[in-house]
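> Please find one structure pasted underneath; my questions will follow.
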Amino acid sequence: QQQVKQSPQSLIVQKGGISIINCAYENTAFDYFPWYQQFPGKGPALLIAIRPDVSEKKEGRFTISFNKSAKQFSLHIMDSQPGDSATYFCAARSTGNEKLTFGTGTRLTIIP
Amino acid sequence: DAGVIQSPRHEVTEMGQEVTLRCKPISGHDYLFWYRQTMMRGLELLIYFNNNVPIDDSGMPEDRFSAKMPNASFSTLKIQPSEPRDSAVYFCASSEQGRHEQYFGPGTRLTVT
């Protein structure tokens, strides 16, 4: 019940295209859903996060879409750029707990 | 602020040796997390502390692993004895009370031969 399932495992998108990464969860106590971005040789860094009281959050080219009834959330990267090539992790946190449960990661490659 | 600091950045050791990984969290942060990252298992939380007190160590793989936080600015993760299957990148992260963003350090790449 603590799992967060992430897909796809890897993704190749052409420059300027839209990258979409999906996550699903089971635990209805999750109340905070961040996305982390990790470049090779670096630690993950928070990219964008959402709470379940909104269905969408946008920050620049990055958007989280959240479907509470389906227990799914996704990251959309608009106008994808080569600099977006990285591994992306979704995560979830339950109420009253600082512990993050991470998805398995998606390696995104943006090609010219 | 310099961010979360980890040392060493790389560690190569032989099976059976003791390994100590070190972490300095961001000043003022109340939470400290230790993670392990491998290709097979992804990013796993090992243990986390709140105000230097261990809160959840359910992710610690076995008794060979131990973690301490003697003060607000320092934590260690010790593996004794080390085994080849402990080879991974170990990350330390910290966060501030009431703010859920975790700030990760650069990691320690551990290789046990």
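The values are calculated or read from the model by the stated rules, or taken from the named source; none is laboratory data. Predicted model only: the values in this text are computed from it and were never measured. Ideal geometry is used to build each Cβ from the backbone, glycine not excepted, and the neighbour counts take in all protein chains shown. We work out accessible area using only protein heavy atoms, side chains counted, and drop any ligands, DNA or RNA first. Shrake-Rupley method; radii C 1.70, N 1.55, O 1.52, S 1.80 Å.
> Would you mention how many residues in segment B:19-41 are within 12 Å of chain A (Cβ to nearest Cβ) and either open to solvent by 10 Å² or more (accessible area, probe 1.4 Å) or without any contact (Cβ under 8 Å) to a residue 24 or more places away in the chain (or both)?
Summing the residues that are within 12 Å of chain A (Cβ to nearest Cβ) and either open to solvent by 10 Å² or more (accessible area, probe 1.4 Å) or without any contact (Cβ under 8 Å) to a residue 24 or more places away in the chain (or both) in segment B:19-41 gives 9.
> Being of a type in the set (Ser, Thr, Tyr) and closer than 18 Å to B:Pro54 by Cα is the filter here, so list the residues in segment B:85-108 that pass it. Give the steps one after another, and end with the answer.
As a first pass, look at segment B:85-108 and keep what is of a type in the set (Ser, Thr, Tyr): B:87, B:90, B:94-95, B:103, B:108.
Across segment B:85-108, the qualifying residues are B:Tyr90, B:Ser94, B:Ser95.
> For segment B:42-63, enumerate the residues that are assigned to a loop (DSSP other than H, G, I, E, B) and surrounded by 15 or more Cβ atoms within 10 Å (Cβ to Cβ).
First pass over segment B:42-63, keeping only residues assigned to a loop (DSSP other than H, G, I, E, B): B:51-52, B:57-63.
If the condition is that a residue be assigned to a loop (DSSP other than H, G, I, E, B) and surrounded by 15 or more Cβ atoms within 10 Å (Cβ to Cβ), then B:Asn52, B:Asp57, B:Gly59, B:Met60 are the ones that fit.
> For residues that are hydrophobic (A, V, I, L, M, F, W, C) and under 17 Å from the mean Cα position of the chain (by Cα), scanning just segment A:100-111, find the one that is farthest from the other protein chains (Cβ to nearest Cβ). Let's see the steps before the verdict.
Let us first name the residues in segment A:100-111 that are hydrophobic (A, V, I, L, M, F, W, C), namely A:100, A:102, A:108, A:110-111.
Adding the requirement that they be under 17 Å from the mean Cα position of the chain (by Cα) leaves A:100, A:102, A:108, A:110.
Numbers: A:Leu100: 7, A:Phe102: 4, A:Leu108: 16, A:Ile110: 22 Å.
Filtering segment A:100-111 for residues that are hydrophobic (A, V, I, L, M, F, W, C) and under 17 Å from the mean Cα position of the chain (by Cα), the one farthest from the other protein chains (Cβ to nearest Cβ) comes out as A:Ile110.
> On to the next question. Only residues that are more than 9 Å from chain A (Cβ to nearest Cβ) and without any contact (Cβ under 8 Å) to a residue 12 or more places away in the chain: list them for segment B:86-113, please.
B:Gly98, B:Arg99
> Check B:Glu11 against each of (1) within 11 Å of chain A (Cβ to nearest Cβ); (2) in contact with a strand residue (DSSP E or B) (Cβ under 8 Å, 6 or more places away or on another chain); (3) not aliphatic (A, V, I, L, M) and name the one condition it does not meet.
(1)
> Here are the criteria: (1) surrounded by 19 or more Cβ atoms within 10 Å (Cβ to Cβ); (2) assigned to a strand (DSSP E or B). Tell me which single one B:Lys68 does not satisfy.
(1)
> Can you name every residue in segment A:1-21 that is assigned to a strand (DSSP E or B) and open to solvent by less than 40 Å² (accessible area, probe 1.4 Å)? Spell out how you get there, then give the answer.
Filtering segment A:1-21 down to residues assigned to a strand (DSSP E or B) leaves A:4-7, A:10-14, A:19-21.
Those that are assigned to a strand (DSSP E or B) and open to solvent by less than 40 Å² (accessible area, probe 1.4 Å): A:Val4, A:Gln6, A:Leu11, A:Val13, A:Ser19, A:Ile21.
> With the condition being in contact with a Pro (Cβ under 7 Å, 6 or more places away or on another chain), of a type in the set (Val, Ile, Thr) and surrounded by 16 or more Cβ atoms within 10 Å (Cβ to Cβ), I'd like the strands (runs of 3 or more DSSP E) fully within segment B:72-113 carrying at least 2 qualifying residues. Don't jump to the end; show me each part of the working.
Values: elements: B:74-79, B:88-95, B:108-112.
Ranges flagged: B:108-112.
> Continuing with the same structure: Kindly list, by first and then second residue, each pair from a residue in segment B:56-77 that is in contact (Cβ under 8 Å) with a residue 12 or more places away in the chain to a residue that is open to solvent by 60 Å² or more (accessible area, probe 1.4 Å) and not in a strand (DSSP E or B), limited to pairs with Cβ atoms under 8 Å and residues at least 6 apart or on different chains.
Sorted first by the residue in segment B:56-77, then by its partner, the pairs are B:Arg64/B:Gln80; B:Ser66/B:Gln80; B:Ala67/B:Asp57; B:Ala72/B:Asn51; B:Ser73/B:Ser27.
> Those residues that are surrounded by fewer than 20 Cβ atoms within 10 Å (Cβ to Cβ) and part of a strand (DSSP E or B), I need them from segment B:1-18; list them, please. It would help to see each step written out before you state the result.
Restricting attention to segment B:1-18, the residues satisfying the condition of being surrounded by fewer than 20 Cβ atoms within 10 Å (Cβ to Cβ) are B:1-3, B:5, B:7-18.
Listed by number, the residues that qualify are B:Ile5, B:Ser7, B:His10, B:Glu11, B:Val12, B:Thr13.
> Give me the pairs, please: first residue somewhere in segment A:3-14 and among the aliphatic types (A, V, I, L, M), second residue anywhere and surrounded by fewer than 13 Cβ atoms within 10 Å (Cβ to Cβ) and in a strand (DSSP E or B), beta-carbon distance under 7 Å, and either six or more positions apart or on two chains.
Once the first residue is among the aliphatic types (A, V, I, L, M) and sits in segment A:3-14, its partners that are surrounded by fewer than 13 Cβ atoms within 10 Å (Cβ to Cβ) and in a strand (DSSP E or B) give A:Ile12/A:Ile111.
> Answer yes or no as to whether B:Glu18 is farther than 21 Å from A:Lys99 by Cα and either at pLDDT 95 or above or touching a Lys or Arg at 6+ places or on another chain (Cβ under 7 Å) (or both).
yes
> Name every residue in segment B:27-41 that is within 30 Å of B:Gly98 (Cβ to Cβ) and either within 14 Å of the chain's Cα centre (by Cα) or part of a strand (DSSP E or B) (or both), in order of residue number.
B:Tyr31, B:Leu32, B:Phe33, B:Trp34, B:Tyr35, B:Arg36, B:Gln37
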